[in-house]
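**Student:** If you scroll down you'll find the structure; I have some questions about it.
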Amino acid sequence: MESNMKKVFQYMTTLLLLLVVGTSCEEGNDNWRIITDAQPGAYITGDATIYSATATSSQLVAAPLDGAPEGTNVIGIYTWLKSNGSFTILNVDEEGNEINYGKGDVVASTPAETVALAAGGTPFTVAEDGLYYVAMNKADNQLTIIPATFGIIGDATPLQWNGETAMQASYNETQATVEYTISDVTLDKKEMKFRYSGDWGLEFPYQGGKVKLHTNMGYNGDNASAISEAFSECKGGGANFQVGKAGVYTVTLKLDLRTGQFSAKAVCTAEDTSSATLPEKMFVNGDAWEWKQDWSTAPEMIPVHSHDGMFWGIYYLQAGDGMKFNNEKSWSTGENFGVENEDPKGYGEYPAGGSNLKVADTGYYLVIVSCTLSADKKSINRKVILAEPKLFLRGACAGGWADAGAGRPDDSEVAFTLSSDGIAYEAVAAGDGYLRIYVSTGIQGVDWWQSEFLLRDGKIEYRGKGGDQEPRVQIETGKTVTLDFRTNTGTIQ
């Protein structure tokens, strides 16, 4: 009897131990589990990493590439690396064979170092603790290690779309998270994203050419979404976040190292209610549109990207045609304005007033309305600019992109010319690639892409304040692009 009781006790003890072990395995995220027999794939290992052993969360996965062809074989991982340790890449093939790769010959040194992977080679190190993207080019067996120092960017942020406002990084070992935070930052009621590297992508070698990694994080959805006090999921190259109200904020971008998932939030600590509000829309009415009382034929002007209160349009006008502007389609509400007098006007800049703006000559005009805040931000200053439309193809369709740089001033361009009858603009593509067209505003600080548009299915489509116009339109060398702004139509032949 004593022997049987002893066996029962042993069985119960064993069962209890199994339950404890099973329960402990279920706690936390599955991605954090140590893998005794690693599954096929590539893993980052070593004391420079946060992983005590090979784990699902240390596995390199498909890289967030920008515009790479299907089948591009690049994998990677965002992870925290320590400067007082080293790491290698463990590759496990389908048969379970394991190879530890270290550093081989340097393939490229800019914009980030790319090296050939060498079996048994010297382990990798980093100069500073921080977040990195480790990209493995499996096609060429190469590794690129990219510092990921995030900041905020967008027209809601202090530097607008011209650069990143720095955030502070912190690593929480207990929670296995990395957080980038900025406090007491003033944001406008506009849009923002998170970005590193100083550009919208980072290129590294691949199969004799290059691939581009998304270096920005946006909303994990198809359209812009409000950023709130609760964390929202992000993805590389995602949609812009919308800031719901102007004010002072604490903004956080968080990476869960167990899952590889980024998320973001913004907490408003003080709302700004002191400033006048710039118009978000602008309409033009006049002789060219029959002066309709209900403004039903009045076209909406195109907002200039990243420049609140600035709008443009290209219109064909007869000599003596008059026009007025309003942020609403109405004569009784909104802010109706023209210029100071009705003297016929040529190209130039004119302060706002109560008279119709009349043009001196027949032809196309680039009309720009600029609304800015007064020095005390209590009122709005308005002016109208008339200019000759100067249109250009840019980038690949014009012969190629230059090396990345501020504003990319050396990108190839092809100028449009006006037909002899003064009706259509024409340009011949000088390269194969995506169609990009813009009108030069002639205003300092306005970059080419901020007044960009394209031609799709015979219709002119304007970028306005949106992102890249997807899907892109391809064009071949030698094709002629024709634009008629009277009807907002065109051809590619």
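**Student:** Return a yes/no flag: does the range 153-165 have any residue that is part of a loop (DSSP other than H, G, I, E, B), in the same structural domain as residue 241 (by TED's automatic domain parsing), at negative phi and aliphatic (A, V, I, L, M).
**Tutor:** Checked the range 153-165: at least one residue is part of a loop (DSSP other than H, G, I, E, B), in the same structural domain as residue 241 (by TED's automatic domain parsing), at negative phi and aliphatic (A, V, I, L, M).
**Student:** Name the residue that is modelled with the lowest pLDDT, counting only residues in the range 57-84 that are among the hydroxyl-bearing types (Ser, Thr, Tyr) and surrounded by 18 or more Cβ atoms within 10 Å (Cβ to Cβ).
**Tutor:** 57
**Student:** Considering only residues that are out of contact with any Gly (no Cβ under 8 Å at 6 or more places or on another chain) and not β-branched (Val, Ile, Thr), which ones fall in the range 157-179?
**Tutor:** Hits for the range 157-179 are 158, 159, 162, 168, 170, 171, 172, 173, 175, 176, 179.
**Student:** Just checking, how many residues over the range 227-248 are in a loop (DSSP other than H, G, I, E, B) and basic (Lys, Arg)?
**Tutor:** Total satisfying the criteria: 1.
**Student:** Does the range 332-348 hold any residues that are surrounded by 13 or more Cβ atoms within 10 Å (Cβ to Cβ) and in a strand (DSSP E or B), and which are they?
**Tutor:** If the condition is that a residue be surrounded by 13 or more Cβ atoms within 10 Å (Cβ to Cβ) and in a strand (DSSP E or B), then 337, 338, 339, 345 are the ones that fit.
**Student:** Do you know which residues across the range 368-386 are small (Gly, Ala, Ser) and out of contact with any Asp or Glu (no Cβ under 9 Å at 6 or more places or on another chain)?
**Tutor:** 374, 375, 379
**Student:** Residue check, residue 131 against (1) of a type in the set (A, V, I, L, M, F, W, C); (2) closer than 23 Å to residue 86 by Cβ; (3) out of contact with any Ser or Thr (no Cβ under 9 Å at 6 or more places or on another chain), all met but one. Which one?
**Tutor:** Residue 131 satisfies every listed condition except (3).
Yes/no matrix, rows are residues, columns are (1) farther than 27 Å from residue 128 by Cβ; (2) over 20 Å from the mean Cα position of the chain (by Cα):
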site: 160; (1), (2): yes, no
site: 170; (1), (2): no, yes
site: 177; (1), (2): no, yes
site: 195; (1), (2): no, no
site: 217; (1), (2): no, no
site: 234; (1), (2): no, no
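**Student:** Sort out which residues of the range 318-338 are in contact with a Ser or Thr (Cβ under 7 Å, 6 or more places away or on another chain) and over 26 Å from residue 275 (Cβ atoms), and write them in order of number.
**Tutor:** Scanning the range 318-338 gives 318, 319.
**Student:** State which residue is farthest from residue 191 (Cα to Cα) when the search covers only the range 249-263 and only residues that are among the hydrophobic types (A, V, I, L, M, F, W, C) and outside any loop (DSSP other than H, G, I, E, B).
**Tutor:** Only one residue tops the list, namely 255.
**Student:** Within the range 166-191, restricting attention to residues that are β-branched (Val, Ile, Thr) and either in a strand (DSSP E or B) or modelled with pLDDT of 95 or more (or both), which residue is surrounded by the fewest Cβ atoms within 10 Å (Cβ to Cβ)?
**Tutor:** Among those residues, the one meeting the criterion is 186.
**Student:** Within the range 282-336, how many residues turn out to be free of Cβ contacts under 8 Å to residues at least 24 places away in the same chain and among the charged types (D, E, K, R)?
**Tutor:** 3
**Student:** Quick check on the range 469-485. Is at least one of its residues without any contact (Cβ under 8 Å) to a residue 60 or more places away in the chain, within 26 Å of the chain's Cα centre (by Cα) and outside any loop (DSSP other than H, G, I, E, B)?
**Tutor:** Within the range 469-485, one or more residues are without any contact (Cβ under 8 Å) to a residue 60 or more places away in the chain, within 26 Å of the chain's Cα centre (by Cα) and outside any loop (DSSP other than H, G, I, E, B).
**Student:** Out of all the residues in the range 192-225, which are outside any strand (DSSP E or B) and either among the small types (Gly, Ala, Ser) or in contact with a Cys (Cβ under 8 Å, 6 or more places away or on another chain) (or both)? Don't jump to the end; show me each part of the working.
**Tutor:** Going through the range 192-225, the residues outside any strand (DSSP E or B) turn out to be 196-201, 207-208, 214-215, 220-224.
Of everything in the range 192-225, those that are outside any strand (DSSP E or B) and either among the small types (Gly, Ala, Ser) or in contact with a Cys (Cβ under 8 Å, 6 or more places away or on another chain) (or both) turn out to be 197, 198, 201, 208, 220, 221, 224.
**Student:** Any residue at all in the range 314-335 that's among the small types (Gly, Ala, Ser) and in contact with a helix residue (DSSP H, G or I) (Cβ under 9 Å, 6 or more places away or on another chain)? Write out each step before concluding.
**Tutor:** Taking the range 314-335 and keeping what is among the small types (Gly, Ala, Ser), we get 319-320, 322, 330, 332, 334.
Filter once more, so that each one left must be in contact with a helix residue (DSSP H, G or I) (Cβ under 9 Å, 6 or more places away or on another chain): 320, 322.
Among the residues of the range 314-335, at least one is among the small types (Gly, Ala, Ser) and in contact with a helix residue (DSSP H, G or I) (Cβ under 9 Å, 6 or more places away or on another chain), which makes the answer yes.
The values are calculated or read from the model by the stated rules, or taken from the named source; none is laboratory data. Since the model is a prediction, treat every value here as computed from it, not as a measurement. Cβ atoms come from the backbone with ideal geometry, glycine included; neighbour counts cover every protein chain shown.
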